[in-house]
1. Shape of segment 33-118 from its Cα gyration tensor (a ≥ b ≥ c, root eigenvalues): rounded if a/c is under 1.5, otherwise prolate when a/b > b/c, or oblate?
2. Counting Lys and Arg as +1 and Asp and Glu as -1, what is the net charge of the other residues whose Cβ lies under 15 Å from the Cβ of LEU304?
3. Report in % the part of the accessible area of segment 519-571 that belongs to carbon and sulfur, leaving out ligands and nucleic acids; probe 1.4 Å.
4. Please list 143-149, 298-304, 17-23 highest first by mean number of surrounding beta-carbon atoms within 10 Å per residue.
5. Taking the Cβ of GLN353 as the centre, find all other residues whose Cβ is under 12 Å away and add up their charges (Lys, Arg: +1; Asp, Glu: -1).
6. With a ≥ b ≥ c taken as the square roots of the eigenvalues of the C-alpha gyration tensor of segment 22-76, please select rounded if a/c is under 1.5 and otherwise prolate if a/b is larger than b/c or oblate if it is not?
7. Each residue of segment 436-450 in order: what ³J(HN,Hα) in whole Hz does its phi give by Karplus 6.51 cos²θ - 1.76 cosθ + 1.60, θ = phi - 60°, with x for Gly and Pro?
8. Where does each of 532-538, 439-445 land if you order them by average Cβ count within 10 Å, highest first?
Amino acid sequence: MRPHPGGRGDRTLPHRPALDGLRGLAVAAVVIYHLEPGWLPGGFLGVSLFFTLSGFLITNLLLAEWRRRGRIDLRAFWARRFRRLLPAALLTLLLVLAICAGSNDPHLLSNLRGDVLGALAYVANWRFILNGDPYGAGFQEPSPVLHFWSLAIEEQFYVVVAIVAFVLARHARRARAWALTFGAAALGSMLATWRLSGGGDTARVYFGSDTRAFELLAGVLLAIGAGFAVPLFLRGRWWRHVLGPAALAALAGAMLLGGVEQRWLYRGGFWVVAVLSVALIVAALDDGPLARLLAWRPLAGLGLISYGVYLFHWPLFAWLTPERVGVDGWALAGIRIGATLTIAIGSYLLVEQPIRQGRLPAVRHRLLLAGALAATVAILLAGTSMLDGAAARRAVATSNPGLLLNSSLADGEQADGGAAGSTLDGLADPPPPLERVLILGDSLLHQSYPSIRDRLAALGIDSLAIGGPGQHLMKNDGAWQAELDRAIDAYDPDLVVLESCCGWGSPWQRELYHAPDGRIIEPDTPESWAEWDRLARVLTARARQGGRPVAWVLAPPAQTNGYYGPIEARIDVANDLYRRIARCDPGVGLIDWRVMSGPDGRFVWDLPAADGSLVRIRTEDGLHLTPAGQAAVADLTRDGVSGLWQRTRGRIPPAASPACS
């Protein structure tokens, strides 16, 4: 029979501080991971705990309303979700807009409008999937709203589960129908995960609404099966004091020993984490020692503001860099955490709770509320559009502080055209003017391209950049070949600059390359480097058609946190390949960014300036460049392009297919 008011479980779950403590644990894990992934490599699993807890609590509300009233009021449910979630989210987006207003990153600014729109529409996870954007700490060109991916999944879940619950409430007579329906959905999520993880696309599994739904649905099934009060099936059993601590220990172990590169996570690991989360929720609903520990006031208090902490910490961490605040290490972590907690507490007390409880006049008057919402969205759209238009112009790094570069690394094959110098010096006629330069590269080059473009324009040289952040020679099975062909046909450059190093096969993305002969090639194998060399030679040959000179960029050393994989060793291997190509062909030169290093050729964070001061040249991820570093490589690229053109005089034999090695 259909439940009637007054039946068992017709009330909602009373407030339990232990559940707030679970939220506190989850957000603390995520924050620590984003501070420094090496401190807690699996801290991102805190999001999984959030998912399962959200599924449990939301389903508890829906089931309680069904049992109490025999129906579900969709409009009231969504209105509560709107008041709870949207105000702080809009406040975060306004903060992001303010922070990005001072940015000089062209990739960030040009993508900001789409990222903000994705966040506003709660489809950020699918935007990042389609863009190929990875997740993790220290990755290249992070979006300031990347963390909205999890909020998007939750909001999509709230829409779908409420509609399904509405239908079930009208037609189902027993809770068994709820269990069968959501159990089937959980099975479907597991099948989707298993199928998609088989292709190695872990980013798709991580961001997908379908693949991550199981963690939410585990909480749904717990709410359906366990009731709304302390689970009676645990009362009087000795193991009720063991289940929760064991689950907590297992989850802590996964966070300490895991990482985004762990393949087991994408082949069922997230399901295990969801089960552990269910056990923790059960323990938090009990009156045992773990529940009392989770109810510890500081931890429960962190849980109360966890939504704001999650929202605000990511853009604040991106803004509060060592270059901006002048400190790093523990001091920087303290500043970041202090700023996050301050803003989150202010948001909770002054914005979230007053709106949620209807204590603001705008909340009691729908026209005022609608007007405030419309004005906020208009500000976000107008601001992001303005920043999108100003992206390239504001990204130019004009000030080179006279860095003392490591010129001892130059090996005679630098930007002078390699072997071309000795064979072409006898040409006395002045070279034709260099008018157009085509540049193909990844994030390291695109980050500095506005400054490079500015330097070349000062010499009367037009330029065009293709490729993009997160791309490389083997990305999408060598798609750069077709992109280079199209650009050469449309732009007809006089000279081409090529750069690619070396993010392929990061532990996070686990890319597989499909060779033309059908082989599947994994990164960091002899076969992968042979294919990298082949593709580099193909691109060189295509760019060289018609006698056009080509310059390969030699990447500087790096010191990353492992997110990109063993990129430090890859840089040396790729640079050696490019040097061999330059030795083979008189029309190929080198632009040597390796001089951005210490006296021994190793990675350095800072370089000395002419006045003796140290200038920070690398960003926090140990790979990309600060404005000072961008200015330096822009000067190196300008000089390299000019030197290669002068050496070759624009008159070198066509070399469509260099064959030497």
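1. Note, shape of segment 33-118 comes out oblate.
2. Cβ neighbours under 15 Å give a net charge of +3.
3. Exposed carbon and sulfur together represent 56 percent of the surface.
4. Details: 143-149: 25.9, 298-304: 18.1, 17-23: 24.1.
Ranked by mean Cβ neighbours within 10 Å, highest first: 143-149, 17-23, 298-304.
5. Details: positive: ARG83, ARG84, ARG356, ARG359; negative: GLU352.
It works out to a net charge of +3.
6. It is prolate, given that a/c is not under 1.5 and a/b is the larger ratio.
7. Calculated HN-Hα couplings, in order: 9, 10, 9, 10, 10, x, 9, 5, 4, 7, 5, 4, 9, 4, x Hz.
8. Top to bottom by mean Cβ count within 10 Å: 439-445, 532-538.
The values are calculated or read from the model by the stated rules, or taken from the named source; none is laboratory data. The shown structure was predicted, so the numbers you read here are calculated from the model rather than taken from an experiment. Here the Cβ is made from the backbone with ideal geometry for all residues, glycine too, and neighbour counts use every protein chain on show. Side chains are part of the model used for accessible areas, which takes the heavy atoms of the whole protein and leaves out ligands, DNA and RNA. Shrake-Rupley method; radii C 1.70, N 1.55, O 1.52, S 1.80 Å.
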